[in-house]
Amino acid sequence: MATTVHEPPKIEPERLPSQGAGNGGWRNLVPADGDLRRVKSYSPPPASTGIWVIMASITMSFAAFTSALIVRQGTAPFQHITLPPVLYLNTLVIIASSVTLEIARRRIAAFMGGRGDKNGDQAANPALWLYITLALGLLFVAGQTFAWVRLRAQGFGLAANISYSFFYVLTVMHALHLLGGLGGMARVIGKLQNATLRRSTLDATSRYWHFMGVLWVYLLLLLWMKL
Amino acid sequence: MHDTAHAVHGAPTSFIRKHVFSLDHKVIGKQYYALALLAALVGMFLSWLMRIHLGWGSYAIPGLHLLSANGAPGNVMTPEYYLQLMTMHGTIMVFFVLTTAPFAAFGNFFLPIQVGAEDMPFPHFNMMSFWVTFVGFLVLVASFFVGDGPTLGGWTQYAPLSAIGSVGGPGEGRGVILWACSIGIFCVGQLLGSLNFITTTLDMRTKGMSLMRLPLTVWAWFITSVMGLTAFAVLMPACILLILDHVAGTSFFVPSNLVINDQVLPHTGGSTLLWQHLFWFFGHPEVYIAIVPGMGIVSHVLITNMRKPMLSHRVLIYAMGSLAVLSYMVYGHHMFVSGMNPVSSLAFSFPTLVITIPSTIVVLIWLGSLYGAKLRINAASLFALGFISMFISGGVSGFFLAQPSIDIMLHATYFVVGHFHLVMGVAAMFGIFAGTYFWFPKMTGRMMNETLGKVHFWMSFVGAYCIFMPFHYLGIAGNVRRYQAFTDDYLVHLIPVHKFITIAALFTGFAQLIFLYNLIHSRFWGAIPPNDNPWEGTSLEWSTATPPPHNNFGDKMPVVYHDPYQYSVEGASTDHVMQTSPEDLKNAPDEK
């Protein structure tokens with residue numbers, strides 16, 4: 001019958017394979033102090049790994065959309081379209097939101113670490129810059145919505161031509177993913193207010209938000225060059 | 001690695017939280033298994049209907065009109081209805097059985113236990129992944145009862161047929177939309193699942209559980225989840241574009257001036273090949289998503305029953321990893337007859353031949369390890385052997401199909417149908433059966449009936465060969481696939497072969513009913529396992545109670561001291577040394 005895990009393992013230093021086991025490898029090694037060797041000194045919290053996994057998945061999706069655009073363009077030439085000027089303003093907004101989020105992240109990290117900001121003002125609302133980021137994120141979504149509504153009003157809907165089809169698909173898909181980021185940020189604010197925020201959650205959320213910014217810049221360049 | 005245990009979530013108390021919307025990976029694993037079982041029964045039932053029609057085309061199947069009044073007037077199925085059944089059979093089997101059972105069901109139940117974790121790190125996502133998948137299944141099945149029935153475009157849904165709407169035939173309107181919604185939803189479920197699998201493997205391992213100490217099953221599920229993460233992330237955009245071609249009038253996949261049933265379609269400039277590129281970039285890794293977990297399960301089962309490790313743990317892992325990487329480079333071999341540039345065909349043919357190398361390595365490791373082993377014969381090990389047999393038989397025909405010049409002749413015939421059914425369908429099913437017989441005691445606290453299990457194996461093994469080997473002969477004889485009747489002169493003489501296959505299919509299907517009986521009966525009235533480790537295994541699932549407690553390991557998290565497969569180590573106190581045993585193994589072969 002197997003050793004059950006309900007019992008603590010009995011480690012007898014004199015029987016350690018590291019002392020005369022002779023197999024030379026590091027397997028089965030238990031240090032002389034009875035503590036198991038540390039297989040890895042640091043393991044990232046799952047939120048940190050998870051956000052990379054999510055970003056990889058989203059990258060693959062947009063790579064698929066991009067290759068669809070390229071293959072489709074090879075079949076029949078696209079009609080050139082002029083991107084709505086508000087997109088450039090939106091780009092500035094999303095870049096600004098990344099900056100404010102980074103400020104927020106550093107302030108909250110300092111706050112969680114018990115350090116005040118440069119002015120020694122520890123009681124300053126640590127969520128302030130998060131609110132600003134949230135507002136900028138919403139402004140970006142509003143700006144994108146404005147662009148879609150204006151285009152539709154001008155008669156350029158999803159099916160107007162294939163350039164607009166790709167324009168809508170890419171921008172709407174990005175906005176949907178960005179809404180996820182806004183939800184995550186609202187959650188971070190809630191956890192911050194309840195003092196249940198983990199550093200890894202904050203870092204993961206901000207990483208995702210920065211990723212949304214980078215993805216938008218990529219999409220803008222793609223749309224600008226290809227449509 | 002988490003040094004100390006921490007409660008991911010508390011034990012549920014209400015029935016709903018315990019059995020329905022459960023956060024427990026074990027319950028979610030069982031839910032996935034139940035879904036796969038239901039889907040497999042539906043898929044098998046559809047295949048029976050198709051086979052009866054192929055053998056005896058004019059035979060009225062009693063009650064068939066209840067499934068579709070238009071599709072089966074007088075209980076004889078129409079050609080369109082045959083295609084609808086074929087599409088649903090393929091879709092249900094590939095997505096909701098072959099992906100769901102070996103990966104999502106067993107992976108959910110055993111991956112956290114085998115790495116020594118209390119649960120997955122994102123249990124809410126995990127719960128969502130199952131329920132999303134379940135909704136996807138309902139949406140797919142709903143297409144039977146909506147409008148003119150499910151889509152008839154085949155599980156690959158080639159454009160432009162899939163994108164032109166109801167003018168294309170029964171089910172090509174709402175049926176396709178439901179199909180694309182279902183698969184899109186399914187993708188979300190699998191992405192959430194993959195997220196949990198990857199993070200659990202990387203971040204939730206218990207103390208002492210280095211990567212090379214992970215059992216082969218965990219490696220297989222991990223590799224599969226990486227494939228799933230990238231493959232399903234591509235299929236979902238494809239489904240979105242397909243839906244838009246239907247509901248928004250876009251022209252992603254439908255070319256200009258297409259005339260269908262005397263109607264000029266309004267679409268312009270779409271690319272029919274675009275769908276195939278997107279689909280097969282997902283589709284080929286999907287083949288490995290179905291089979292790699294089976295490789296892990298079969299290795300795990302065989303090692304336990306051989307009482308010795310595989311010839312090389314490490315090479316097996318690398319080979320499975322190579323399969324995953326190469327699976328993305330070969331997808332074009334599905335498109336040799338699609339009008340692709342011949343140079344592209346060559347570019348896809350070469351890696352297709354290369355991918356046989358890691359496949360062969362895996363098989364040779366299995367055979368080399370089996371050589372001279374005193375294998376314990378039971379239902380699980382028999383199905384593991386059956387998996388190897390099917391994988392080899394189905395894989396050999398892959399050598400032929402990898403070459404464009406041969407594939408062009410065989411692609412649209414039953415040769416391909418036989419090939420993928422053996423190598424991907426039956427082999428993966430045998431992996432599921434091996435896992436079921438092996439892990440049933442741990443999952444339910446009961447043993448399955450071994451005699452019935454062996455009867456199930458032999459009937460399935462003989463039956464599957466009787467069905468799918470003749471497919472190859474039919475293909476070489478030029479029997480085209482997807483035809484619902486064989487009226488041409490050169491096909492008429494093949495009808496007796498089809499009749500034989502139909503009888504074999506019914507016989508094999510009956511064997512599955514024996515399995516179903518065994519499963520249900522054993523669940524409630526099966527023998528109680530003699531202890532927590534009835535097969536004398538070494539990995540962590542055998543270290544814990546049967547069935548495992550809510551947090552998997554009770555009060556103490558396990559500490560791992562050994563490789564996963566320390567069997568028959570010279571000088572050890574028993575023929576198997578648990579991973580949790582602090583016993584010093586001086587003579588263990590040092591593979592790391």
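Legend: translational diffusion of the stretch B:305-408 by Stokes-Einstein, Rh = Kirkwood radius over C-alpha pairs, 20 °C, 1.002 mPa s; D = 140 µm²/s. Each peptide in B:163-174, B:332-343 was scored by the mean count of other Cβ atoms within 10 Å over its residues; highest first, the order is B:163-174, B:332-343. Take each residue of peptide B:557-566, count the partner chain Cβ atoms within 10 Å of its Cβ, and average: the result is 3.
Taking chain B as the reference, fit the longest principal axis to its C-alpha atoms, fit the long axis of helix B:106-115 to the helix C-alpha atoms, and give the angle between the two in degrees, 0 to 90, nearest 10. Result, in degrees: 30. Using only Cα atoms, tell me the angle between helix B:495-525 and the longest principal axis of chain B; keep it within 0 to 90° and round to the nearest 10. Long axis of B:495-525 versus the principal axis of chain B: about 40 degrees.
Please state the relative contact order of the stretch B:455-592 as a whole percent: Cα pairs under 8 Å, 6+ residues apart? So the answer I get is 18 percent. Restricting the calculation to alpha carbons of the stretch B:14-116 gives Rg and Dmax of 18.3, 58 angstrom. For the peptides B:524-536, B:201-213, the ranking by packing is B:201-213, B:524-536, with the highest mean count of neighbouring Cβ atoms within 10 Å listed first.
For chain B, the longest principal axis of the C-alpha atoms and the axis of helix B:379-401 are separated by about 40°.
Counting only other chain Cβ atoms within 10 Å of each residue's Cβ, the peptide B:231-243 averages 4.
Across the stretch B:23-37, rounded Karplus estimates of 3J(HN,Hα) from the backbone phi angles (6.51 cos²θ - 1.76 cosθ + 1.60, θ = phi - 60°) give 9, 6, 4, 6, 5, 4, x, 5, 4, 4, 5, 4, 4, 5, 5 Hz, Gly and Pro being marked x. If you sort the three axes of the alpha carbon gyration tensor as a ≥ b ≥ c, you get a/c of 1.5 or more for the protein assembly as shown and a/b no higher than b/c, which makes it oblate. Scalar couplings 3J(HN,Hα) for the stretch B:332-343, obtained by applying the Karplus form with A = 6.51, B = -1.76, C = 1.60 to θ = phi - 60°, are x, 5, 7, 10, 4, 9, 8, x, 6, 4, x, 5 Hz; x denotes Gly and Pro. Each of B:450, B:80 was scored by other Cβ atoms within 10 Å of its Cβ. Listed from fewest to most, they are B:450, B:80. In the stretch B:419-467, the C-alpha radius of gyration followed by the widest Cα-Cα span (Dmax) gives 12.2, 38 angstrom. Here the calculated FRET efficiency for residue A:172 and residue B:503, from their Cβ-Cβ distance with R0 = 45 Å, stands at 0.30, rounded to the nearest 0.05. In the stretch B:117-222, Cα pairs under 8 Å separated by at least six residues give a relative contact order of 36 percent. Our summary gives chain B a relative contact order of 15 percent, counting only alpha carbon pairs under 8 angstrom and 6 or more residues apart. Among A:191, B:308, sorting on how many other beta-carbon atoms sit within 10 Å of each Cβ, with the fewest leading, yields A:191, B:308.
Computed on the Cα atoms alone, the convex hull of chain B gives a volume of 150 cubic angstrom per residue. Cross-link pairs exceeding 32 Å between alpha carbons, from the set B:26/B:207; B:30/B:454; B:442/B:499: B:442/B:499. Extents of the stretch A:54-226, largest first, come to 61, 31, 24 Å (Cα atoms, principal axes, whole angstrom).
A short reminder: the numbers here are calculations on the coordinates, not readings from a lab. These numbers were taken from a predicted model, which means no experiment stands behind them. Because the Cβ atoms are built from the backbone with ideal geometry, glycine has one as well, and the counts that use them run over all protein chains shown.
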